[in-house]
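The structure appears right after this line, and notes come after that.
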Amino acid sequence: SQTIHQWPATLVQPVGSPLSLECTVEGTSNPNLYWYRQAAGRGLQLLFYSVGIGQISSEVPQNLSASRPQDRQFILSSKKLLLSDSGFYLCACFETVGTQYFGPGTRLLVL
Amino acid sequence: GQNIDQPTEMTATEGAIVQINCTYQTSGFNGLFWYQQHAGEAPTFLSYNVLDGLEEKGRFSSFLSRSKGYSYLLLKELQMKDSASYLCAVREGGGKLIFGQGTELSVKP
């Protein structure tokens, strides 16, 4: 079965600083990978998804970007963080049998 | 447009049965998911329905009616640990999941 790793688990960053969140997947190959954000008390919002290396689709215009340098690695980045970027960031992997699993998440607080 | 509606919160008693409803209007449909999310944790997968009918898995069951754009999650023999947020999500093309806002379930003794 697949395992999704995310780091860091928690991050506190000042406004205007850069960001890099990493997601890696084990136990599967050529997965569809997703980045979601959950603001406090809100539902999950899809940010980016990738069907393969170097292929990124953006769902919401914003100051975030994503990259997929390797088959099982998905990175979320920002050059300058905003206060509104605070939230719970979740990486997810989709299996062809119809199940989507989430990683443990990264809690980001921008001050 | 895309719209997924769930009640914001529900309260039930330990040992009872509770039904959480979800209605959806989406541009595409490739299945409906239910997830459980405890405070501060990532969502965990509960069920997946792609055909009409009832899927049963232990104390949890999920129902889908595609013609009505409707699903429900049924929790039986409620336990205190079932207190959590329950998320309904519809899969569109490309495996993308569109989530509702979630239903906060409180189980009381």
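The values are calculated or read from the model by the stated rules, or taken from the named source; none is laboratory data. Just so it is clear, the structure is predicted and the values come from calculations on it, not from any experiment. Quick reminder, even Gly has a Cβ in these numbers, built from the backbone with ideal geometry, and neighbours come from all protein chains shown. Note: accessible area is taken over every heavy atom of the protein model, side chains too, but ligands, DNA and RNA are not part of it. Shrake-Rupley method; radii C 1.70, N 1.55, O 1.52, S 1.80 Å.
Using Cα springs under 10 Å in a Gaussian network model of chain B, which residue among B:SER65, B:SER27, B:SER85 shows the largest mean-square fluctuation?
B:SER27
Keeping the other protein chains in place, figure out the carbon and sulfur percent of the accessible area of the range B:4-45, with a 1.4 Å probe.
On the way: 930 of 2100 Å².
With neighbouring chains kept in place, the figure for the range B:4-45 is 44 percent.
Using a 1.4 Å probe on protein heavy atoms only, how many Å² of accessible area do B and A hide from each other, summed over both chains and rounded to 100?
1500
Could you tell me the distance between the Cα centroids of the range B:43-93 and the range A:14-63, to the nearest Å?
Cα centroid to Cα centroid, the span is 25 Å.
Cα convex hull of chain B: mean projected area in nm², to one decimal? Kindly include the intermediate steps, with their values, before the conclusion.
On the way: hull surface 26.1 nm².
One quarter of the hull surface, i.e. the mean projection, equals 6.5 nm².
Pick from B:ALA84, B:ALA39, B:ALA12: which is most flexible by mean-square fluctuation in a GNM of chain B where alpha carbon atoms under 10 Å apart are linked?
The residue that fluctuates most here is B:ALA39.
Mind checking the full-extension length gain between A:ALA39 and A:THR3? Use 0.36 nm per residue of separation minus the Cα-Cα distance, one decimal, nm. Could the numbers behind the result be given before it?
Working: separation 36, 0.36 × 36 = 12.96 nm, distance 2.42 nm.
Length difference between fully extended and current span is 10.5 nm.
Within the set B:LYS57/B:LYS81; B:LYS68/B:LYS96; B:LYS76/B:LYS96, which residue pairs have Cα atoms separated by over 23 Å? If you can, show how the numbers build up before the last one.
Details: B:LYS57/B:LYS81 17 Å; B:LYS68/B:LYS96 21 Å; B:LYS76/B:LYS96 30 Å.
As for pairs spanning more than 23 Å Cα to Cα, those are B:LYS76/B:LYS96.
Do any cysteines of chain A lack a neighbour Cys whose Cβ is under 4.7 Å away, and which are they?
Among the cysteines of chain A, those whose Cβ sits 4.7 Å or more from every other are A:CYS93.
Among the aspartates and glutamates, select those whose C-alpha is under 18 Å from the C-alpha of A:LYS79, and discard any that sit fewer than 8 residues away in the same chain.
A:GLU22
Return the tail of the calculated pair distribution for the protein assembly as shown, meaning the percent of Cα-Cα pairs more than 23 Å apart.
Details: 11436 of 24090 pairs.
For the protein assembly as shown, the fraction of Cα-Cα distances above 23 Å is 47 percent.
Cut-off 15 Å, label point 7 angstrom out along Cα-to-Cβ of B:ASN30: give me the residues of the range A:68-107 whose amide nitrogen falls inside.
A:93-101
Loop only per DSSP, at most 12 neighbouring Cβ atoms within 10 Å: give me the trypsin sites (Lys or Arg not before Pro) in the range A:72-111, ordered by residue number. Show your work: numbers first, answer last.
Numbers: sites: A:ARG72, A:LYS79, A:LYS80, A:ARG107; in loops: A:ARG72, A:LYS79, A:LYS80.
In loop regions of the range A:72-111 (DSSP not H, G, I, E or B), the sparsely surrounded trypsin sites (Lys or Arg not before Pro) are A:LYS79, A:LYS80.
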